[in-house]
Amino acid sequence: TCVAVIMAQIGCHVPAASARLTPVDRIMSRLGANDNIFAAQSTFFVELSETKKILSEATPRSLVILDELGRGTSSYDGVAVAQAVLHHVASHIGCVGFFATHYHSLATEFENHPEIQEKRMQIHVDEKERKVTFLYKLEDGVAEGSFGMHCAAMCGISSRVIERAETAARDWEHTSRLKESLEKAKTGCYIPLGMLSDVGNLLRDGGDVGAKGVDVLLRAIECL
């Protein structure tokens, strides 16, 4: 995508049957997972350093691509960082971009966000053989799962280990969904944390929610 945008803006052929183009002022990406041993920086530190640069310099005219943000730390901290960054990029910066993640809870958190469209890569799943065929076609919707056990089988890990992992995964998923249901039952409804944060900033003296953030917030409230 980034290469296609660069080619389009310098007048080159774009590898697509058709394209709708928007000029961008900069392309910013956060990809991969590497530490920096010589600078004593962990994988997560490097992730956040690159993300900080994006949050500081991206504009509404930028193209931003974030891939698997938060995987360099614990699941809880990782999903929290990913959620907060996605909310800020979509609600306050307002640029075009891609945010790829395995945190499926983000799909619920941003289900009605007016600036976010849910997409997934099309695949074919053979449950009997535990095999996944990647079709490399972008389509609407949220991925049904991470298919980690299928990948494990494709890598040659023994069935005994995979079956034990599947049992543990089901137990963990059931516990997580039960906890989520109880939390929703207490409030009677679910309001995304990003929206609650923006409302709090607006009500607090000296809040830093700009006109763009207010507009997105109002449209998000209408979708509830």
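Report, as a whole number in µm² per second, the diffusion coefficient that Stokes-Einstein gives for the stretch 80-153 at 25 °C and 0.890 mPa s using the Kirkwood radius over alpha carbon pairs.
Roughly 177 µm²/s, to the nearest whole number.
Quick one: which residues, 5 or more positions from R30 or on another chain, have an amide H under 5 Å from its amide H? H modelled 1.01 Å from N in the peptide plane, none for Pro or chain starts.
I65, L66, D67
In whole Hz and in residue order, list the ³J(HN,Hα) couplings for the stretch 29-35 that follow from phi through the Karplus curve 6.51 cos²θ - 1.76 cosθ + 1.60, θ = phi - 60°; x for Gly and Pro.
Coupling constants for the stretch 29-35: 9, 10, 10, x, 8, 9, 8 Hz.
Whole Å is fine, so just give me how far the alpha carbon centre of the stretch 22-93 lies from that of the stretch 1-20.
24 Å
What are the residues whose amide H is under 5 Å from the amide H of G97, where those residues sit 5 or more places off or on another chain and H is modelled from the backbone?
Distant-sequence amide H within range of G97: V64.
Evaluate the charge dipole of the stretch 34-87 about its Cα centre and quote only its size in Debye, nearest 20, assuming +1 on the Cβ of each Lys and Arg and -1 on the Cβ of each Asp and Glu.
That gives a dipole near 180 debye.
Under the Karplus relation 6.51 cos²θ - 1.76 cosθ + 1.60, θ = phi - 60°, what is the ordered set of whole-Hz ³J(HN,Hα) values for the stretch 42-49, x standing for Gly and Pro?
Along the stretch 42-49, the couplings run 6, 4, 5, 4, 5, 4, 5, 5 Hz.
Which order do the peptides 13-26, 85-98 take when ranked by the mean count of other beta-carbon atoms within 10 Å per residue, highest first?
In descending order of packing, they fall as 85-98, 13-26.
If you place +1 on the Cβ of every Lys and Arg, -1 on the Cβ of every Asp and Glu, and leave all else neutral, what size is the dipole of the chain about its Cα centre, to the nearest 20 Debye?
Taking the Cα centre of the chain as origin, the dipole is about 240 debye.
Farthest toward the dipole's positive end in the chain, which of V46, V64, A4, given Cβ charges of +1 (Lys, Arg) and -1 (Asp, Glu) about the Cα centre?
The listed residue farthest towards the positive side: A4.
Each reported figure results from applying straightforward, stated rules to the coordinates on display, with no laboratory input. Computed from a prediction, not measured in an experiment: that's the story for all the values here. For neighbour counting, all protein chains shown are included, and Cβ atoms are generated from backbone atoms with ideal geometry for every residue, glycine included.
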